[in-house]
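Laboratory data are not the source of any read-out in this text; all were calculated from the coordinates shown. What you see is a predicted model, and the numbers here were worked out from it, not measured in a lab. Reconstructed Cβ throughout: ideal geometry from the backbone, glycine too, with neighbour counts over all protein chains shown.
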Amino acid sequence: MLTIRMRRVGAKKRPYFRVVVTESHTARDGRALEVLGHYNPTARPETLVLDRERLQHWMARGAQPSDTVRTLLVRHPAPADEGGSAAPQAPDAPAGQQAGA
């Protein structure tokens, strides 16, 4: 079974993690199929950078996120579409005023 989990790559007492797709039985820092992003818990605010398109690709193929990755995904939701309907709209001109006057 495939799993999406974190691999530690940071120095001693300076944790830094890569979010990877790997077989569930491989070692924590073993060979990964793909690196999806990285997580830095020591930065303020903490940073999570993920290729969400590839994350969805692997999850659609049956990869299960670990408990920690699942928690990170909840704490760091995907940003809203910049061109979608979630963008705030400018208020219309008050009644009786013409645009450009």
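A few points about this structure:
- Subset tally (residues that are assigned to a loop (DSSP other than H, G, I, E, B) and of a type outside the set (Lys, Arg)) for region 18-46: 13
- Those residues of region 9-43 which are loosely packed, with under 11 Cβ neighbours inside 10 Å and either touching a strand residue (DSSP E or B) at 6+ places or on another chain (Cβ under 6 Å) or farther than 15 Å from VAL69 by Cα (or both), in sequence order: ALA11, LYS12, LYS13, ARG14, HIS25, ALA27, ARG31, ALA43
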